[in-house]
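These notes concern the structure reproduced below.
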Amino acid sequence: METNEENEKIGISIDEARKILGIGRNLMLELVKLDGFPAVKFKRKIIVNKEMLPKWFAENCGQYDDYDY
């Protein structure tokens, strides 16, 4: 169950983002490499913009159907 603090966060971890998208960690790590993906990358930390993630997904739906699984 999410607390108020978790609901107010604008940046989420890779694991939180992958759970929202319903994908595995490896695929999530590939997505953050794409140009325009809503994330900030630090040396060993990636923060995904929680508010922009659903918008990015909607705008890019179907564009990566040639992804090599």
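Laboratory data are not the source of any read-out in this text; all were calculated from the coordinates shown. Source: prediction; values computed, not measured. Please note: Cβ atoms are built from the backbone with ideal geometry, for glycine as well, and neighbour counts cover all protein chains shown.
Some notes on this structure:
- Every Cα-Cα pair of the stretch 11-60 was included, and the share exceeding 12 Å stands at 59 percent.
- Taking other C-beta atoms within 10 Å as the exposure proxy, Phe57, Phe37, Phe42 rank Phe42, Phe57, Phe37 from fewest upward.
- Order of Val32, Val48 under a 10 Å beta carbon neighbour criterion, fewest first: Val32, Val48
- The charge dipole of the stretch 11-60, taken about the Cα centre with unit charges on the Cβ atoms of Lys, Arg (+1) and Asp, Glu (-1), comes to about 280 debye, rounded to the nearest 20.
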